[in-house]
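Working notes, beginning with the structure itself.
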Amino acid sequence: MATMKEIAVLSGVSRGTVDRVLNHRGSVNPDTAARVMKIAEKLNYQPNKAGLMLAAQKKNLKIGVVLFQDTNPFFQEVLKGVYAKADELSGYNCQVLVRQVSFDEECQRESMRELEQEGIHGLVISPFNAPSIAAEINRLYQNGVPTITTNTDLPSSRIAYVGSNYYLSGQTAAGLLGRMTFGNVIVGIITGSSHVLCHTDRIAGFQETVGTYYPNVTIIKTIIENHDNDEESFQKVKKFLTEHPEINALYFAAAGVSGGCRAVMSLGLSEKIKIFTYDNVPATTEFIRKGVITATICQQPFLQGFRPVELLSRYLLEGILPETELQYVDIDIRIRENI
C-alpha cells in the first residue's frame with residue numbers, strides 16, 4: 001500500500017504538503033494539489049480508517065448547511081435528512097451547523113460568512129442564483145473549504161451537486177400536461193423565484209418541450225412569482241386567473257401550491273383547470289385526493305438533505321471525491337391512484 005512518503009517523493013514535494021492535500025489542512029497551490037492527488041490515485045492510496053476517525057475526533061470537524069426557510073414544507077423533509085446524517089456523525093465529534101434563510105442574496109451571503117467565522121471545514125448549500133454567492137463558494141474553495149450544492153445548483157467551484165435534474169423535471173411536467181389534457185390548452189406558470197436556478201430550469205424544460213411536441217398548448221407569457229409563500233400565492237393566482245379567464249391549466253414550478261389551489265377553488269374553477277405541481281407534501285397530497293391537483297412530480301427531499309452531508313463528510317475525512325459531480329435523485333410521478 002502506498003504511503004504519504006512515497007507520494008511526496010514522486011510528487012517532488014514535502015510529506016507535509018502531501019498531508020495537507022490529502023487531509024485538506026490549509027491551502028496548497030492548485031497545480032501542486034492536483035499533481036499530488038493524481039499520483040495518490042494512480043498508487044491507489046488508501047488512508048488509515050482508524051487514524052481518520054481519531055483525527056476527526058481531535059479536529060472537531062464542522063460542516064455548515066445553508067438552506068431556504070422551511071416555510072416551504074419541502075425543506076422540512078430536506079432538514080430531516082440533514083439531521084439524520086448529523087446524528088450519525090456526532091459520534092465522531094463532527095458538528096453540523098444549520099442556517100435557514102429567506103430568498104435573499106445578502107442574507108445567504110451573510111450566513112455563509114458567519115459559518116466561515118465559526119470555523120466550518122465544508123459547506124452544503126441550496127444557493128441563491130447570484131454571482132455574489134458563486135463568488136463566495138469559489139472563495140471558500142480557494143481557502144480550503146469545499147462546497148456541495150443541494151436541491152438547486154449554481155455554476156461555481158463546488159465539488160458536487162445533489163438534487164433533481166430540473167430541466168428533465170420540467171420536460172416531464174410538460175409531457176404529463178400534454179398527455180393528460182385535451183383540445184386547446186392555455187397554461188399559466190407559477191414559480192417561486194427567478195433567482196433560484198432549479199425553478200428557472202424547470203420552466204425552461206417545460207417551455208422547450210411544449211414548444212416542440214404540443215402545438216395545442218399555449219403558455220401565457222406572464223410568469224407569476226410567489227416566493228414559495230402560500231398567502232402570496234393565493235392572492236397572485238386569484239388575480240392571475242381573473243385577468244386570464246381563458247386559462248385551463250396551471251403549472252407550479254415551485255412551492256406555494258396550497259395557496260394557489262385555494263385560489264382556484266375560491267373562484268369555482270377546480271373542475272375547469274388541470275394543475276401540475278412538484279413534491280408530495282401533506283397539503284399537496286390532500287389536493288390530489290380531492291381531485292384538484294392532476295399530478296405531482298416528487299424528488300426525494302430526505303435524500304437531498306442526507307446525501308450531500310454524507311458525501312462532504314467522506315471527502316473531508318477520507319479525501320474521497322463524489323464518484324460523479326452531478327448526483328441526480330429519481331423522478332417519481334404521483335397521481336390520486338398511487339399517492
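Any read-out appearing in this document is the output of simple, stated calculations on the displayed coordinates, not a laboratory observation. Just so we're clear, the structure is a prediction, and the values are computed from it rather than from any experiment. Virtual Cβ from ideal backbone geometry, glycine too; neighbours counted across all protein chains shown.
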Residue order, fewest to most surrounding Cβ atoms within 10 angstrom, among Phe103, Phe182, Phe206, Phe306: Phe182, Phe103, Phe306, Phe206
Extended-chain gain in nm, criterion 0.36 nm per residue less alpha-carbon gap, Arg314 and Cys107: 71.7 nm
Stretchable slack from Asn338 to Arg289, in nm (0.36 nm times residue separation minus alpha-carbon distance): 16.6 nm
Distance between modelled label sites at Glu6 and Leu326, nm, 7 Å Cα→Cβ extension: 3.7
Other-chain or far-sequence residues with amide H under 5 Å of Val96's (modelled H): Ile63
Fluctuation leader among Gln304, Gln69, Gln46 - the chain, Gaussian network, Cα springs under 10 angstrom: Gln46
Amide H contacts under 5 Å for Ala249, placed H, 5+ residues apart: Ile186, Gly188, Lys274
Dimensions (Å) - the stretch 4-46, Cα atoms, principal axes, largest first: 23, 17, 15
Cα radius of gyration and Dmax for the stretch 199-261 (Å): 12.1, 34
Burial ordering of Ser270, Ser193, fewest other beta-carbon atoms within 10 Å first: Ser270, Ser193
Distribution of pairwise C-alpha distances over the stretch 284-327, 5 Å bins, in %: 5, 18, 18, 14, 10, 8, 8, 9, 7, 3
Counting DSSP beta bridges with both ends in the chain, the antiparallel % (nearest 5): 10
The stretch 251-339: C-alpha pair distances exceeding 20 Å, %: 47
5 angstrom amide H check on Ser164, placed H, neighbours 5+ away: Asn151, Val329
Nearest-ten-degree value, helix 166-180 long axis tilted from longest Cα axis of the chain: 20
Too-long pairs where the Cα-Cα distance tops 32 Å, listed order kept, from Lys42/Lys80; Lys38/Lys62; Lys38/Lys85: Lys42/Lys80
Hull volume in cubic angstrom per residue (convex hull over the Cα atoms of the stretch 166-298): 90
Centroid-to-centroid separation of the stretch 164-211 and the stretch 120-160 [C-alpha atoms, Å]: 27
Dimensionless Rg over Rh [the chain; C-alpha; Kirkwood]: 1.06
Taking the stretch 212-288 and dividing mean pair separation by its residue count, relative contact order in percent (alpha carbons under 8 Å, at least six apart): 31
Residue-averaged [θ]222 nm for the chain, counting only DSSP H segments that reach four residues, each worth -39500 (n - 2.57): -15500 deg cm²/dmol
Separation of the Phe182 and Leu43 label points, Cα + 7 Å toward Cβ, nm: 7.0
Antiparallel bridges, percent of DSSP beta bridges restricted to the stretch 166-298 (to nearest 5): 0
